[in-house]
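Worksheet: the structure to be examined is printed underneath.
The values are calculated or read from the model by the stated rules, or taken from the named source; none is laboratory data. For clarity, every value in this text was computed on a predicted model and none was experimentally measured. No Cβ is skipped: glycine too gets one built from the backbone with ideal geometry, and neighbour counts run over all protein chains shown. Protein only, heavy atoms only, side chains kept; ligands, DNA and RNA dropped before computing areas. Shrake-Rupley method; radii C 1.70, N 1.55, O 1.52, S 1.80 Å.
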Amino acid sequence: MKIVVVGELNVDVILAGTGVMPEWNREKLIDSFDVVLGSSSAITACALASLGAEVHFVSVVGEDDFGRFCLRELDRMQVNTEHVLRKADLKTGVTLSFSTPRDRGLLTYPGSIPLLAPEHLPAGLLAEADHVHFGSYFLQDGMRPHWETLFAGLRAEGATTSFDTGWDVRGLWYREQIDRLLPHTDLFIPSEEEMMHIYGAESVKEAARGLPAGVHTVVVKCGKRGAMLFTREQAPELVSSFQVAPVDTTGAGDAFNAGLIYAYRSGLRGRELVRFANASGAISTLGIGGTGSLPTLEKVNAMLEEA
């Protein structure tokens, strides 16, 4: 299973505890502080490699300490970084994550994050891919106008495709562009809030009624409730999450993405597809950072069997 992830790279600086939100003119103490590999695309890539896929990463980073840290971490987690461009005139992006056991808030310095462009994509590698994924649709400014053409070409050659939108910090949501991309996308994986904002709806089911003709599989991440599956063949279904005691929810959705992609490429469909992804996401919450507790086939299968 050869998977190419085309995406952003940044470090996550995670501030964790029960009272991590800053207050003006006040100093507060927190429980822990960690610098870890960040970015939706990179965490998904690492989780896919941990599950057993052959993963290649395509990105742009600065030739700086944070960029070198990202590359070392990807290499350590068996993700191929041959096609990550290093540029001396760039600063690598940084995300501050204020994390509690229940949720997290993010502040991001973009740096190199939005600068990946079509000229950086290795045509030979993409031609060999079984599946191509990207994350952070709204942050990848250099690629956003080009995903439709790229995905259409990949699917015409027999590859499958997926993407996760992430949050739109500008509040534009790009519904028309996303609607044009969806017929070329095998797996669309937004969160509940993202889905509702894209389609201007009060609920996920209402949002789903606005999906364009030709859409394939849509799986909406609903946090601790699980994930909702929409396909052309069956009625919407909420697949419940696995009950765990989370340490840090950073990157859980990205590990969910990896589980969904791996299960889809392995032939799972319907409820079993989403249960595999739910287990992958749940395992991710048991460590600090998006890669602190990566899913493996052994861990996922054990969770599925125990449920």
Checklist entry - In segment 237-248, how many residues are more than 19 Å from the chain's Cα centre (by Cα) and either under 23 Å from Ser136 (Cα atoms) or surrounded by fewer than 14 Cβ atoms within 10 Å (Cβ to Cβ) (or both)? => result 2
Next on the checklist: Condition check: in contact with a Leu (Cβ under 9 Å, 6 or more places away or on another chain) and of a type outside the set (Asp, Glu). Does Ser112 satisfy that?
Outcome noted: yes
Item to check | Filter pass, Lys224 being touching a Pro at 6+ places or on another chain (Cβ under 8 Å) and open to solvent by 20 Å² or more (accessible area, probe 1.4 Å) | outcome: no
Next on the checklist: I'm checking my understanding of the structure. Among residues of segment 226-236 that are more than 12 Å from Asn278 (Cβ to Cβ) and of a type outside the set (Phe, Trp, Tyr), which one is nearest to the chain's Cα centre (by Cα)?
Outcome noted: Thr231
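Can you confirm whether Ala255 is free of Cβ contacts under 8 Å to residues at least 24 places away in the same chain and either open to solvent by 10 Å² or more (accessible area, probe 1.4 Å) or assigned to a helix (DSSP H, G or I) (or both)?
Numbers: free of Cβ contacts under 8 Å to residues at least 24 places away in the same chain: no; either open to solvent by 10 Å² or more (accessible area, probe 1.4 Å) or assigned to a helix (DSSP H, G or I) (or both): yes.
So Ala255 fails the test.
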Checklist outcome for this item: When every residue in segment 26-51 that is exposed (fewer than 14 other Cβ atoms within 10 Å of the Cβ) and either among the charged types (D, E, K, R) or modelled with pLDDT of 95 or more (or both) is compared, the one nearest to the chain's Cα centre (by Cα) is Asp31
Item to check | Scope segment 227-268; condition out of contact with any strand residue (DSSP E or B) (no Cβ under 8 Å at 6 or more places or on another chain) and at pLDDT 95 or above; matching residues | outcome: Asp254, Ala255, Ala258, Gly259, Tyr262, Ala263, Ser266, Gly267, Leu268
Checklist entry - Pairs under 8 Å by beta carbon, first residue under 12 Å from Tyr262 (Cα atoms) in segment 294-307, partner modelled with pLDDT under 95 and open to solvent by 40 Å² or more (accessible area, probe 1.4 Å), six or more apart or different chains? => result none
